Each structure stands twice: as structure tokens, then as C-alpha cells.
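The values are calculated or read from the model by the stated rules, or taken from the named source; none is laboratory data. What you see is a predicted model, and the numbers here were worked out from it, not measured in a lab. When we count neighbours, we look across all protein chains shown, and the Cβ atoms used for this are built from the backbone with ideal geometry, even at glycine. Heavy atoms of the whole protein, side chains included, go into the accessibility calculation; ligands, DNA and RNA do not. Shrake-Rupley method; radii C 1.70, N 1.55, O 1.52, S 1.80 Å.
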Amino acid sequence: MSLRKSSLYCAANLSAFYGPGALNRATVKGSSLKTSDTEQIRLANRKLVVDYLRVHGPVARVDMGPVLKLSPATVTSITSDLQKEGLLVEVPAPSDNVVSRGRPRVLIDLAVDTQFVIGVKLSINEIRLMLGNQKGSIVKTEVIELQTLALSREGLTEALCSALRMFIAKLPVSQKPKAVGLAVQGVVNGHQGEVVWSPALADKHIELKAPMQHELNVPVLVANDANCLAMAVRQQPKYQQLTDFAVVMLGYGVGMGMVVRGELYAGHHGAAAEFGHTKYSPDGAQCLCGKRGCIEAYVGDYALYRDAAAVVRLPQDDHLHPNEDRMMELVELADRNDAAVLDLFERAGRVLGYGVANYIALMSPETIVFSGPGIRAYRHLEAGIRQGLSSALVSELICETSLEAVPWDDDMTGLGVIALALQEVD
Ligand SMILES: [Zn+2]
């Protein structure tokens, strides 16, 4: 494991898992303890505390230890250090949260304005910059429209750095970012900080991490947008206790973020999980990746719109780049029971069901979450998904896995990449 991989994904691992294995994992790593091992465990436990506060705060110290499986002395030591560094504050508990003698409990919470990071979402013809505070909330957003497909690799780096410099220049000194996280549509090598291929870009194999770090003089991480979405879902209290689940990101393309044993799983080469480019039908529909028969070639926005344009009258736009309005028009046609469009959504659902069946058969997850902009059509996809799933997999393997839809908004990817960037500085 490279140092880079360790710093990004180890943090994600530890922050994403608060079950009984969290401390055990840290302890096993340090089973032949040296001073450096002890320090690693202390830092790992500190990350656990910070991340727990980020999702659940404000909380009482006494309530945090049992959940994180940390001793009261460890929690006190870590929170005292954080308080001295100005990263943590004490806040009074709400009036209904008092001990029996009527003395108000003191809760602890992350200080909001002590550390800031910037999340950048790069998608087709858009750069979205978001300032995130210590608690992982987005406090400022700026959107820049530009023709991303016309950018050279050098032009892309310059466009991103220029946008970031202008964004940072408008911030007060106290909000200068300590890290930048970049979420990109497409195949990303997170370890190398390289965009391998993206529908938003004409060039392939564009290394962004090193040149952007050099230009901006802050740590930069590059992540696939579906992995960022999985992190955002993982930050929601409902999903935070899950240890094995996948988030299917529906939208222009189809992506997946995998959480395996509490860890955001990027694979050996850092490019997992390209669920959308696994195959549904050899030699089937044309996919943007250049191959045929990928799941995305039936489910991605461009595929749905392309296939719908062949059977119903649609505006004569660029069928390969339908915008949100165009996709909503498709959903509205389905809402009005247009048989041809309903068939397309049902087929897309079935294709997803087959893909998800493969994932369930291989990984046996607790939950499959669907989200992303394409969730707009979930009510028309769901029956197909369940049909595909039940025809592809024996019921004994399906019944343990739940399917859920999580509402989408434009901030989801940003919240996820901000969460990853904060873990760079925690
Ligand atoms: Zn493909």
C-alpha cells in the first residue's frame, strides 16, 4: 500500500466504521506495539472521534465512548487535545437533557469555523466549487460554466487552478482551505490522482493531483463522483452504522461506491467500482466508454434519451447530452403512461436488477442504495429492478439485502468530497 493510498483510504476506513471492529482493527494493526504504532492508534482513534462528532455532534463525552468502543480515559484525552487546539467546543445540552439532580449536561461539538476545505465537482461543462467547514457543511458555492470537452490536459489543470485561485482570493484569511478535494465523473485512479477517462473530457489519463498541489500548495485528492456520493450517504445517520453496502449513482453515467467492511473500497488500482461498465449484454447497446452492452448503455441519461428519441418525438437537441429539463420531460411522459417510455424505464430497471444481482451474489451486502440525479425516475425503474433481480438470483440470496432510494440534490457529491478532504486534514 502506498503512502498516498494509506493516508486517504485508511482515514475513510476508520471514519466510516464505528462498530465493534473499529478499535479492534486499530489494535490488531498495533499488536506488536512500538511507539510509532501507539501513535498511529492514537491518531486513528482521534479520527474516529472527529468523524463521529461530524455526523452526530453535539454529544456527551460519556455517550461517545461506548459507541466507538473507546475507554472514558481515551475519549477524555482525545477531546481535551482537540479542545486545546480549538477544534472542539463545549456547548450546553438542551434543557430537557439534564441529569437527575438538575445539573445541565455539557455536550461537545466540533468548532465550526476552525478548518475549511474546498470540494470541487467537475462534470460536463461545469466546475462547481464548494467551501466546506469543519463540520462538513457547504457554506459557499460557486458554479463556473465552461466547455470541458474542449479543454486540453494542460488547459484543464489551468482552468481548475484558476477557478480555485479566484474562489480562494474572495475568502477571508480565516477560511483559507487546508485541502482540496476533486470529484470527477468517470474512471479515476484515486491513488495516483489521475482521471483515467471521463465523459466530461476529451483527453484520457490526465494527472491532476501533483500539478494542482504544486500550483495551489495545499493537499489535493481526486476521487470518482460515485465514491464521493457513497461517502455522503455514509455521513447520514441512517446509513452510518452499515458496514457492507453499495451506492449506485444514476445519472448521465452509472457509477457505484462500495463500502466493504466499513471501508470505502477503491481496489488495488484505485479505480473501483465501475459498475456501469460491467456487461449486461455482449455486443449490445453502444456505451460511451467505447464498448458495447454495458449497464450504463441502457441506464445512463444519454442512453435513455437516445433510445427514447428513436420511439417518441423529442426536442431536436444533442441527444447525447440531455439536460435535466429534457430528462424530466421523459419522466413526465412515463407519468402520463406513455407505453414506449415506460418500456424503456422498465428495461433500464431490469438491466440494473441484473447488475445488482451480480453484486449481491458476489458481495452479500446489507443494502443497495440508489441515488444520483437519475433517481428522478426511480418510481418507473423500481419494478424492473426487482424483476431483474428476482430473475437473476435465487430468493435465498436476495432476501437479506434491502434496496433503498436516497433523494438526490446537487450538493450530495460536494458533501462527499468535502468529507474526504476533511479527512486529509483531521
Ligand atoms: Zn461502458
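Of all residues in the stretch 383-414, which are open to solvent by less than 60 Å² (accessible area, probe 1.4 Å) and not small (Gly, Ala, Ser)? Of everything in the stretch 383-414, those that are open to solvent by less than 60 Å² (accessible area, probe 1.4 Å) and not small (Gly, Ala, Ser) turn out to be Ile385, Leu389, Leu393, Ile398, Thr401, Leu403, Glu404, Val406, Trp408, Asp411, Met412, Thr413. Taking the stretch 198-217 as the range and being touching an Asp or Glu at 6+ places or on another chain (Cβ under 9 Å), open to solvent by 30 Å² or more (accessible area, probe 1.4 Å) and not in a helix (DSSP H, G or I) as the test, the residues that pass are His205, Glu207. Scanning the stretch 373-382 for residues that are among the aliphatic types (A, V, I, L, M) and open to solvent by less than 20 Å² (accessible area, probe 1.4 Å) yields Ala377, Leu381. The set of residues in the stretch 158-178 that are aliphatic (A, V, I, L, M) and surrounded by 22 or more Cβ atoms within 10 Å (Cβ to Cβ) comprises Leu160, Leu164.
With respect to Tyr239, is the statement that it is at pLDDT below 90, farther than 18 Å from Ser198 by Cβ and among the hydroxyl-bearing types (Ser, Thr, Tyr) true? Yes. Provide a single number: the residues in the stretch 395-425 that are more than 30 Å from Lys135 (Cα to Cα) and either at pLDDT 90 or above or in contact with a helix residue (DSSP H, G or I) (Cβ under 8 Å, 6 or more places away or on another chain) (or both). Number of matching residues: 3. The criterion of at least 1 residues that are surrounded by 15 or more Cβ atoms within 10 Å (Cβ to Cβ), modelled with pLDDT of 95 or more and away from the ligand (no atom under 12 Å from the Cβ) is met by the following helices (runs of 4 or more DSSP H) wholly inside the stretch 277-372: 301-309, 324-335, 339-363.
If you go through the stretch 101-157 and pick out every residue that is modelled with pLDDT under 95, loosely packed, with under 14 Cβ neighbours inside 10 Å, in a strand (DSSP E or B) and among the aliphatic types (A, V, I, L, M), you end up with 1. Pairing residues of the stretch 381-403 that are among the aliphatic types (A, V, I, L, M) with residues that are in a strand (DSSP E or B), at Cβ distances under 6 Å and at least 6 apart in sequence or on separate chains, gives Leu403/Ile368.
Being out of contact with any helix residue (DSSP H, G or I) (no Cβ under 8 Å at 6 or more places or on another chain), at pLDDT below 95 and within 30 Å of Gln83 (Cα to Cα) is true for just one of Val196, Val173. Which residue is that? Talk me through it step by step, then tell me what you get.
Details: Val196 fails: within 30 Å of Gln83 (Cα to Cα).
Just a single option satisfies the conditions, and that option is Val173.
Within the stretch 247-258, identify whether any single residue is in contact with a helix residue (DSSP H, G or I) (Cβ under 8 Å, 6 or more places away or on another chain), within 26 Å of Phe116 (Cα to Cα) and of a type outside the set (Ser, Thr, Tyr), and answer yes or no.
Initial filter on the stretch 247-258 (in contact with a helix residue (DSSP H, G or I) (Cβ under 8 Å, 6 or more places away or on another chain)): 247-258.
Remaining after also requiring within 26 Å of Phe116 (Cα to Cα): 257.
Remaining after also requiring of a type outside the set (Ser, Thr, Tyr): 257.
Within the stretch 247-258 (the criterion being in contact with a helix residue (DSSP H, G or I) (Cβ under 8 Å, 6 or more places away or on another chain), within 26 Å of Phe116 (Cα to Cα) and of a type outside the set (Ser, Thr, Tyr)), the answer is yes, since at least one residue qualifies.
Scanning the stretch 158-192 for residues that are more than 18 Å from Gln115 (Cα to Cα) and part of a loop (DSSP other than H, G, I, E, B) yields Gln185, Gly186, Gly190, His191, Gln192. Among the residues of this structure, Val233 does not count as one that is more than 28 Å from Arg326 (Cα to Cα), away from the ligand (no atom under 16 Å from the Cβ), open to solvent by less than 40 Å² (accessible area, probe 1.4 Å) and not in a loop (DSSP other than H, G, I, E, B).
Just to check your reading of the model, which residue among Gly251, Gly193, Gly155, Gly181 is under 30 Å from Val67 (Cα atoms) and out of contact with any His (no Cβ under 7 Å at 6 or more places or on another chain)?
On the way: Gly251 fails: under 30 Å from Val67 (Cα atoms); Gly193 fails: under 30 Å from Val67 (Cα atoms); Gly155 fails: under 30 Å from Val67 (Cα atoms).
Unique residue meeting the criteria: Gly181.
Quick check: is even one residue across the stretch 249-271 surrounded by fewer than 20 Cβ atoms within 10 Å (Cβ to Cβ) and within 30 Å of Asp325 (Cβ to Cβ)? Among the residues of the stretch 249-271, not one is surrounded by fewer than 20 Cβ atoms within 10 Å (Cβ to Cβ) and within 30 Å of Asp325 (Cβ to Cβ), which makes the answer no. So which residues in the stretch 56-70 are closer than 14 Å to Leu88 by Cα and under 24 Å from the mean Cα position of the chain (by Cα)? Hits for the stretch 56-70 are His56, Gly57, Pro58.
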